[in-house]
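Okay, structure first, notes after.
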Amino acid sequence: MTTQHDTATSGATAPPEVPQQPANAKPGGFAATDVLINQFDGGPDTVERALNTSDELQPHAELGLKDDEYDRIRQILGRRPTASELAMYSIMWSEHCSYKSSKVHLRQFGEKAPKNTRMLAGIGENAGVVQISDEIAVTFKVESHNHPSFVEPYQGAATGVGGIVRDILAMGARPIAVMDPLRFGAADHPDTARVLPGVVAGIGGYGNCLGLPNIGGEIVFDPCYQGNPLINALSIGVMPVERLQRKEAAGVGNVVVLLGARTGRDGIGGVSVLASATFDEGAEQRRPSVQVGDPFMEKLLIESCLELYDAGLVVGIQDLGGAGLTCALTETAAAAGTGMRVYLERVPLREASMSPTEILASESQERMLLIVAPEKLDEVLKVAEKWGVWATDIGEVTPSETDGQPGRLVISWNDHIVVDVPPGSLADDGPVYARPIREPADLILLQADRAETLPRPSTPDELRETLLRMIASPNLCDKSWVTEQYDRYVLGNTVLAQPEDAGVLRIDERTGLGVALSVDGNGRYTRLDPYEGARLALAEAYRNVAVTGAEPIAVTDCLNFGSPEDPAVMWQFAEAVRGLADGCQQLGIPVTGGNVSFYNQTGAAAIHPTPVVGVLGILNDVARRTPMGFPPPPTAEGDLLFLLGDTECELSGSEWAWVTHGHLGGRPPKVDLAHEQALGRLMAQASEREHIVAAHDLSDGGLAQVLVESCLRRNVGARIMLPEHDAAVTPFVWLFSESAGRALVAVPRGHDKAFVALAAEHNVSCVQIGVTAEEPVLDIHDQFTIGLDEVRAAFTATMRNLFGGPAEGVTRQIAAVVEAAELAAAEPAAEVEAADDDRATGTSVTLEISEPAHPASGPADEVAEVPSGPDADPAVTPIDAEPATAKPDDQPESKA
Amino acid sequence: MRIGVVTFPGSLDDGDAARAARIAGADAVRLWHGDPDLHGVDAVVLPGGFSYGDALRCGAIARFAPVMETIADAARGGLPVLGICNGFQILCEAHLLPGALTRNQHLHFRNRDQHLRVTSTSTAWTNGFTEGQEILIPVKNGEGCFVADERTLDELEAEGRIVARYTRGNPNGSQRDIAAITNAAGNVVGIMPHPEHAVEALTGPSLDGLGFFTSALRYLAGSAAGGQLTGGAQR
């Protein structure tokens, strides 16, 4: 597919005073030149006009700029900003782009970073890059797309995937996988039935179409996320070390090329720009909206960028995401200290009537900005044409000032100079705030309300019932309803994927080099103690990677919090960052990049502070990765099961306290990072020496959950004899405590002595708790026995019951969308401002929801034919049901 | 033996199909959608993915790609062609195979390890299996529900052209549990699940997918020796 089909829409003759389109730009498409200039009231607001009308009132407050920030802009420019400049400053100085509230805290990640020779690029780049062999580097990062996904779940989540993938691509890497840590409100809340299916379909729809395996993530439900679901997306890419790309717009005279999709009005207002009526009174058709993703275009963009890198045709590259061209132009120029001259009328547009300000603010997806040597421009255009993507010469790199100052970014639109700024003032010199912090007033009481004092089950029957109730609870139940909607096989290098502890990828087919990746967070722990909670999240991700046998080497984080203007939230943030930075220092693995998402708050109610931590590990021989499922026992006697680490009575913040008592209080489990390191080394050596055949990290839900998951994975039973118990550590505590630093391993007979000795060598406590069994039962000696069929039934039914058999889910969802649209219409406007973060979606909350939110929904008549509701004809379910119960005869339309 | 794998814009499993061909012992040759030259390959795989972004209908545009015109002619002349997932959709759009692949009945993309029963071993791509053999390979699609009119379905059954059926659960609502079909000559096979993702113990649920590629090599060796299993003459 080439761009020829677009030529039909072009053909507007440029007015004579407008510079001709450069010959090397691609033809066709709407151009800004199609617009009558007088549409903007005598033309756009130019620099010249700004000089002559210095007293003109400007809507800076509506754009989110404080009075003193606005004064500073005037000071920097020595005049009032033009409308376009004002928009650019408001975007770049927004919380999302400038990190103005978080910067003072995030510095710790650099200051406390352990010495590390692997890191080739770190914080401040599009994504961190770590070298994993002499020739190969990987880059990975997690990012949020929370607010757009609440407004429009499908596109919000889809473009979240697209955005993080372009970050990876911009570093010079081929993206090779994605992961999605997701948090939703209460599982049974009607709005969750709107948000979750849309988000999952969006992630799948974009990632699957991009050909990226989805190898893991999290799905967590908690009422605190009801109005603020957390949609985080992680991507990882791989590159030859020498292909690392830079974002600097270096080389005076080099060409600035915009590559990829045409620019439309989508996403404008993402950072509350243009929300002002002063800009445009009759704004109906210009309503900003959620960005709309086109994964096919992104796939072509990936292939063309990689081809450009390999041919050495690119001097610098930056992706366009939040803040669009504004961000890409200012960051690339500021990074190089050069100036830039840009001609906005050359930008290919989807809508001809876009103003220069809109072009600069658009967050249209699937675009990249390239810096290209002039003599290589033709080759670049040829590659773009081969893949059928637009490539347009939109300007050139200009020298720095004669006095040695960095160059200026000068942007014109049809001969009108609309922007003339020092790019560094936008990209680097934004405001920085040390916001007030104050421990939440309720924390002392909350911590005093310990879950260890709650009534606990004790009889065998009670324990059995508790186990079944726990594994069927929304946070612990089987998530294949979700993960089956993601392609985990594409690219053919997925060695482990969800529900395993970590995703494991083969990186090099020749050498067997691989990586393991896990993302984890626990908002409840962080609510109870943000410092320890952040360290617990780090410890869990670290452990998840380590149990596969990999060596953890680097960290990325997505810090999801409420409003930074609330001192209590800011305190949580400061504590969590301090905990994470200290933890990384102690573990000796650096934070390589990440993202902060503030304003996850409805009214005064903030979400639980939720730092989500991703840890990357290396496996020199990926074939020796340790999976979590018990293998079928080689003999009737079974493999030996050992529990590593110490179990204490730690129930505060646990899944058990939440599921059975709706309780949150006390202090989270203790975390000992030195022990985590020892456990990690033990796991790596044990896998190298082939002492273990399965390993599973203990976390939410404790030992009971781990036993269930490891048994069900390959339908292998286990007979468990809980170690000696005392008054503190009862059978209940053994099964449901969430003490950190633990793992369950299966050791083949004959290896047990060596394994126990190895554990002792690493000073990791190790106790045998049972054996695997051929018979499909989970038997807890002296307590209870449950058949795995019953366990599986409890474990797997929940998501389907909540979100329906697939067909039911769709009809329910449509009803929910309508309801949500009505709900959203009633939302107070103030909430919209919260969307400052996340390339957010501005004022469009009520606008787009009534559109079919879910391409998967299909036409209405198709839906109508499918029985729905809880009492639906069972004929529909077999497609989704367990294989054993599926009979072709039960399927509608399946027979004559 | 040279097995060509076509890359369309939006093809995703092309590298995996090439890898599978190599593991089976063939030389994998990458073919480009815009280049009608088949570069002397002995067989062709149309891989999975979202060619042209599934615009209009899955496979509807790929069918008109320059390379497809050559492939369609060659297939009518006996060239072994395997269409996997999107490739199956393209073969149906190109009328090299009957029927159509529609949206999964439950309207979701579905990725799982899927049991199939091989019901025809007289094709270029399944002659290495035994009749009735149960195999396990991944399925992953959003539009994999095979539909055709009753007469076509009856014909396919009567002529033994249903190559594989879903067993232990139908993942997408396909009529008569159809997972794979062939043309009358047996050289063109379309399959919804992904054999190329079941060729290595490390990354797949089984090695069952390899049989499709080794079957093709066996078929080609047989053709070269003059004794054809089924179907028309080599190109």
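Counting only other chain Cβ atoms within 10 Å of each residue's Cβ, the peptide B:166-177 averages 6. Using alpha carbons only, the radius of gyration of region B:2-224 set against its Kirkwood radius gives Rg/Rh = 0.92.
Shape descriptor for region A:444-496: Rg over Rh equals 1.25 (Cα atoms; Rh from the Kirkwood inverse mean 1/r). Each residue in A:Asp487, A:Asp672, A:Asp188 was given a count of other beta-carbon atoms within 10 angstrom of its own, and listing them fewest first yields A:Asp188, A:Asp672, A:Asp487.
Based on the Kirkwood radius over alpha-carbon pairs, what value in µm²/s does the Stokes-Einstein equation return for the translational diffusion coefficient of region A:460-612 at 25 °C and 0.890 mPa s?
Details: Rh = 17.5 Å.
So the translational diffusion coefficient is about 141 µm²/s.
If you sort the three axes of the alpha carbon gyration tensor as a ≥ b ≥ c, you get a/c of 1.5 or more for region A:112-221 and a/b above b/c, which makes it prolate. Centre-to-centre separation between the Cα atoms of region B:142-201 and those of region B:30-93: 18 Å. Here the simple spin-label model places points 7 Å from the Cα toward Cβ, and for A:Asp403 and A:Thr635 these points are separated by 8.6 nm. Between the C-alpha center of region A:580-617 and that of region A:388-430 there is a gap of 34 Å.
Site pair A:Val767 and A:Ala373 shows an inter-label distance of 6.7 nm when each label is modelled 7 Å from Cα along Cα→Cβ. P(r) tail for region A:675-791: Cα pairs beyond 18 Å make up 52% of the total.
Using only Cα atoms, locate the centre of region A:147-200 and the centre of region A:695-738, then give the distance between them in Å, rounded to an integer. The distance from the Cα centre of region A:147-200 to that of region A:695-738 comes to 32 Å. Using R0 = 30 Å, the C-beta based FRET efficiency linking A:Leu51 and A:Ser353 works out to 0.65. Averaged over residues, the count of other Cβ atoms within 10 Å places the peptides A:46-54, A:624-632 in the sequence A:624-632, A:46-54, highest first.
Packing here is the average count of other Cβ atoms within 10 Å per residue, and on that basis the peptides B:32-42, A:165-175, A:238-248, A:470-480, highest first, run A:165-175, A:470-480, A:238-248, B:32-42.
What Kirkwood hydrodynamic radius, in Å, does the protein assembly as shown give when the mean of 1/r is taken over all pairs of distinct Cα atoms and then inverted?
Values: mean 1/r = 0.0328 Å⁻¹.
For the protein assembly as shown, the Kirkwood estimate is 30.5 Å.
Looking only at other chains, what is the average number of their beta-carbon atoms within 10 angstrom of each beta-carbon in A:550-559? Write out the running numbers ahead of the final one.
Working: counts 0, 0, 0, 0, 0, 0, 0, 0, 0, 0.
Across A:550-559, the average partner-chain Cβ count within 10 Å equals 0.
Judged by the gyration tensor of its Cα atoms, with axes a ≥ b ≥ c, region A:387-494 is oblate; a/c meets the 1.5 cut and b/c is at least as large as a/b.
Our coupling estimate for region A:786-800, obtained by passing each phi through the Karplus curve with A = 6.51, B = -1.76, C = 1.60 and θ = phi - 60°, is 10, x, 5, 4, 5, 4, 5, 4, 5, 6, 9, 7, 4, 4, 5 Hz, Gly and Pro reported as x. Placing dummy labels 7 Å off each Cα toward the beta-carbon, the span from A:Lys386 to A:Glu307 is 0.4 nm.
Computed with the Debye formula from one identical point scatterer per Cα of region B:1-123, without solvent, the log10 of I(q)/I(0) at q = 0.10, 0.18 Å⁻¹ comes to -0.30, -0.98. Considered as an equivalent ellipsoid built on the Cα gyration tensor, region A:580-628 has semi-axes of 32, 15, 10 Å, the largest given first.
Give me a single rounded figure for A:200-209: the average over its residues of other chain Cβ atoms within 10 Å of their Cβ. Kindly include the intermediate steps, with their values, before the conclusion.
Values: counts 2, 4, 0, 0, 5, 2, 0, 1, 8, 8.
So the per-residue partner count for this stretch is 3.
Bear in mind that the values in this text are calculations on the coordinates, not laboratory data. Remember, predicted model here, so these are calculated numbers, not experimental data. Reconstructed Cβ throughout: ideal geometry from the backbone, glycine too, with neighbour counts over all protein chains shown.
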